[in-house]
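What follows is a set of notes on a single structure, which appears directly below.
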């Protein structure tokens, strides 16, 4: 294509963390420019964000409905090619659905919707629209996560028998949602966040990572949820037992009140022949354990990684020894997402490796996970089908 893709954004206004991450990641590979947006529910703040991004006032909108209406008036090539939805959770479904039905491609933050009913509805809308839909489970974008997935897929570990995945944080140990924290206030508000707090915010990342790497599906869940901070309306700690569809067993725990933890997402996958271990806080290395042998450390960017996993090679930008991490993982999903849109615009064949980003199916799985976890906890930690 002789031009960059044009990106619009809904959400990500002044003070928003994740919106700025999306903008930086989307622009990292030089395929995308942000040209329009409805950045905040407050029109003045939306205009402020537009000015900060040097976006024309004519394309800085007061709300997403006006944005759709005005962008549709522009010819293809001038209007936005896709929109990124980076609002609190309760707005994901109506905004994503409206843009898809209006003929725009969509990248959406997770969790995809507020409940399973909305998720199934959005799945139908995506299929009917024929547009490209991406869900930003950014941890799937790490090269070594893709290497881990390909090792499992190629049978290196043998039959998978156990998966342990965790995501502990400590930032919500105090009731900062009542002290003016914008990031904490909506995440702990069931009207904006949904039925789950900690499990909806970060537990879904753990579930997604386990299914992405293993290729298995969680079949049943037994969950215990706790709210440790007095007066908080949603849980801030959760522990789950898992049963997978191949008979494997698992443990998933997520917490936002574990003092000293920052973003300690980690996974251990155990097979009958080998096991592997990956840590998000040290993401350029993958540990592989063999029977009666030393631990192998696979290092991102080396030729042997690319020989084992074309996906890992495709999603590595720097030579070995130069760390790649959070922004690059987001950017990998954006790059693949963009390549699919570009191929469709050009009428070209889509590279199968470009299709490697989470979509509506992952979004539905996330909502089924949240619903099962909440149901199990309400039943007193009973086994619930997912």
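The values are calculated or read from the model by the stated rules, or taken from the named source; none is laboratory data. Source: prediction; values computed, not measured. As a convention, Cβ positions derive from the backbone with ideal geometry for all residues, glycine included, and neighbour counts pool all protein chains shown.
Filtering the range 1-18 to residues that are touching a strand residue (DSSP E or B) at 6+ places or on another chain (Cβ under 8 Å), in contact (Cβ under 8 Å) with a residue 40 or more places away in the chain and surrounded by fewer than 24 Cβ atoms within 10 Å (Cβ to Cβ) leaves 5, 6, 16, 18.
For residue 221, state whether it is in a strand (DSSP E or B), over 21 Å from residue 280 (Cβ atoms) and touching a helix residue (DSSP H, G or I) at 6+ places or on another chain (Cβ under 6 Å). So that I can check it myself, show each step before the final result.
Numbers: in a strand (DSSP E or B): yes; over 21 Å from residue 280 (Cβ atoms): yes; touching a helix residue (DSSP H, G or I) at 6+ places or on another chain (Cβ under 6 Å): yes.
Criteria met by residue 221.
Just checking, how many residues over the range 50-78 are closer than 25 Å to residue 103 by Cβ and out of contact with any strand residue (DSSP E or B) (no Cβ under 6 Å at 6 or more places or on another chain)? I'd like the intermediate steps shown before the answer.
Filtering the range 50-78 down to residues closer than 25 Å to residue 103 by Cβ leaves 50, 53, 55-78.
Then keep just the ones that are out of contact with any strand residue (DSSP E or B) (no Cβ under 6 Å at 6 or more places or on another chain); that gives 53, 55-58, 60, 62, 65-66, 68-78.
The number of residues fulfilling the criteria is 20.
Please pick out the residue among 218, 152 that is in the same structural domain as residue 313 (by TED's automatic domain parsing), crowded, with 19+ Cβ neighbours inside 10 Å, over 26 Å from residue 116 (Cβ atoms) and over 17 Å from the mean Cα position of the chain (by Cα).
152
Taking the range 54-70 as the range and being surrounded by fewer than 12 Cβ atoms within 10 Å (Cβ to Cβ) and in a loop (DSSP other than H, G, I, E, B) as the test, the residues that pass are 54, 56. Candidates in the range 20-44 are the residues that are within 18 Å of the chain's Cα centre (by Cα) and surrounded by 24 or more Cβ atoms within 10 Å (Cβ to Cβ); of these, the one that is nearest to residue 79 (Cα to Cα) is 26. Evaluation of residue 31 against the conditions (1) in contact with a helix residue (DSSP H, G or I) (Cβ under 9 Å, 6 or more places away or on another chain); (2) closer than 26 Å to residue 364 by Cα shows that the sole unmet condition is (2). Has the range 197-217 got any residue that is in a strand (DSSP E or B) and within 26 Å of residue 361 (Cβ to Cβ)? Within the range 197-217, not a single residue is in a strand (DSSP E or B) and within 26 Å of residue 361 (Cβ to Cβ).
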